[in-house]
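Undergrad: The structure follows.
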2 protein chains.
Amino acid sequence: MPKHVDPDARRRHVVDALFRVVVREGLQRTSLRAVADEAQLNIGSLRHYFASQQDLMRFAMQSMLDRVESRLLEHVERIGDLGNRPRPERLRLAAGFLAELLPLDEHRRAEVTVFLDFNTAARTNPAFGDLSRQAAEGTGKLVRRVLTRLDAAGALRPGLDIGIETERLTALLDGLSLRAVLHPEVLNPRTCADVLFTHLDDLSMPAGTPGSAH
Amino acid sequence: MPKHVDPDARRRHVVDALFRVVVREGLQRTSLRAVADEAQLNIGSLRHYFASQQDLMRFAMQSMLDRVESRLLEHVERIGDLGNRPRPERLRLAAGFLAELLPLDEHRRAEVTVFLDFNTAARTNPAFGDLSRQAAEGTGKLVRRVLTRLDAAGALRPGLDIGIETERLTALLDGLSLRAVLHPEVLNPRTCADVLFTHLDDLSMPAGTPGSAH
DNA sequence: GCCTTTCTATCACGCCTGTGATAGAACGCA
DNA sequence: TGCGTTCTATCACAGGCGTGATAGAAAGGC
């Protein structure tokens, strides 16, 4: 088994470089040569790990989605069972969880930036079509699940249409991300988080209502 | 003064062609030659009206923003004074007005698509920087004005933070547009409009108060 | 030692891009 | 008619792109 380097590590290294280029220059200007330079690799080496540009791009987008998903799972692990928390804390936890999707720090900001570029490219580039759709449906289902759980725990206002509220909250998250990434001087992370919390608070029980059934 | 053709009409013709290419192929693949072909013009003629690619692109983005603005103004004209309408109708009118920003029909859909591509490009292309920022601030101020008017007319819930609510509604509109453009099979125009109305209804007087919706 | 696989590095090709330069047609006015 | 401006059309160039081909280095198993 000849194995000088770990190919998976190499691919991760290349993908990291690609993300940096995308953030700095945009997906439009993210060429094989630019990525190779950023990764300090020869373009020949790079092509040894990725058969074609499309392979690289798809792999990169898939990696990005995987990373987001694993960070979300990690967050779920961290908060554990939220069934037996006091109601205001449940809201706070839900907000903190959904905030993983917002560009509130440099790390998430880079990720959301890449996410946005890939997904807008997917509109006209069939190579990304399935991944983009899967991502959009994924966040939708995620938001729906959060709302459903909150509702089941009696934390939400009665009479809400969960379908509509799912679309509303999902669109709100997407919109906050979009504006925060494109116009950080207009929408800063703090306001971003405030808006999210305000929204969840709006969906919750009015103050003074008896809390969790159970 | 020799004048065979109307230069303004020509420029409009070219910009229309450019928009079609952007919608169909994405801004990334919108080259001078592609636009010239779409406009059924020789690239030489095209370059007679636009000194450089950057000139064309900036002109196109500015045109798009002008068209959106004029459609909004036209809508304002159409509804006239809304001060003396019954409250539920005021909400409906405000929703209809803000819906001008959503891709609810093919025309607006194309416009929002172009808007999105230009604004995402503006993140890394300084040529669009000022226009993009101006657009983002414009919609923000627009939303704020709508909310302020509704509030002044007593149509809104008391205790709302107009600043936060402006950001929230703006992000919601952006998010709806984004999802409707990128994933029309997930978020259809009908749901889009429903979400907007639900949101405005949520901001209005609490349920049970005379005049509040449904 | 040798052999095979893995990896790095480079060349060349065809394609597309924006753009400078330029020639000629179309047209209105004198 | 001829003149000058406006417009159309084309060529050529340099630069960037993805990619096929290929040669050579590096590394481990035998």
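Undergrad: How large is the Kirkwood hydrodynamic radius of chain B, counting all unique pairs of alpha carbons, in Å?
TA: Result for chain B, one decimal place: 19.0 Å.
Undergrad: Let me know the mean shielding of A:160-170 by other chains, meaning the per-residue number of their Cβ atoms within 10 Å of its Cβ.
TA: 4
Undergrad: Looking only at other chains, what is the average number of their beta-carbon atoms within 10 angstrom of each beta-carbon in A:182-195?
TA: Partner Cβ neighbours, averaged per residue: 4.
Undergrad: Roughly how much accessible area, to the nearest 100 Å², goes out of reach of solvent when B and A pair up, both sides summed, probe 1.4 Å?
TA: Buried: approximately 3800 Å² between A and B.
Undergrad: What average count of beta carbons from other chains do you get within 10 Å of the Cβ of residues in A:115-126?
TA: 5
Undergrad: So, one more: Quick check: from the Cα gyration tensor, does the protein assembly as shown come out rounded (a/c under 1.5), prolate or oblate?
TA: Cα axes put the protein assembly as shown in the oblate bin.
Undergrad: Highest first, please rank the peptides B:188-197, B:167-176 by the mean number of other Cβ atoms sitting within 10 Å of their residues.
TA: Highest to lowest by the protection proxy: B:167-176, B:188-197.
Undergrad: Once you have all Cα-Cα distances for region B:93-132, histogram them in 5 Å bins from zero and send the whole-percent values.
TA: Per 5 Å bin, starting at 0, the Cα pair percentages come out as 6, 23, 19, 18, 17, 12, 4, 1.
Undergrad: Another question about this same structure. In whole percent, how big is the carbon plus sulfur part of the accessible area of region B:125-214, probe 1.4 Å, protein atoms only?
TA: 53
Undergrad: Given axes a ≥ b ≥ c from the Cα gyration tensor, I'd like to know whether region B:114-214 is rounded (a/c under 1.5), prolate (a/b larger than b/c) or oblate.
TA: oblate
The values are calculated or read from the model by the stated rules, or taken from the named source; none is laboratory data. Fair warning: this is a prediction, and the values are worked out from it, not measured in the lab. Virtual Cβ from ideal backbone geometry, glycine too; neighbours counted across all protein chains shown. Protein only, heavy atoms only, side chains kept; ligands, DNA and RNA dropped before computing areas. Shrake-Rupley method; radii C 1.70, N 1.55, O 1.52, S 1.80 Å.
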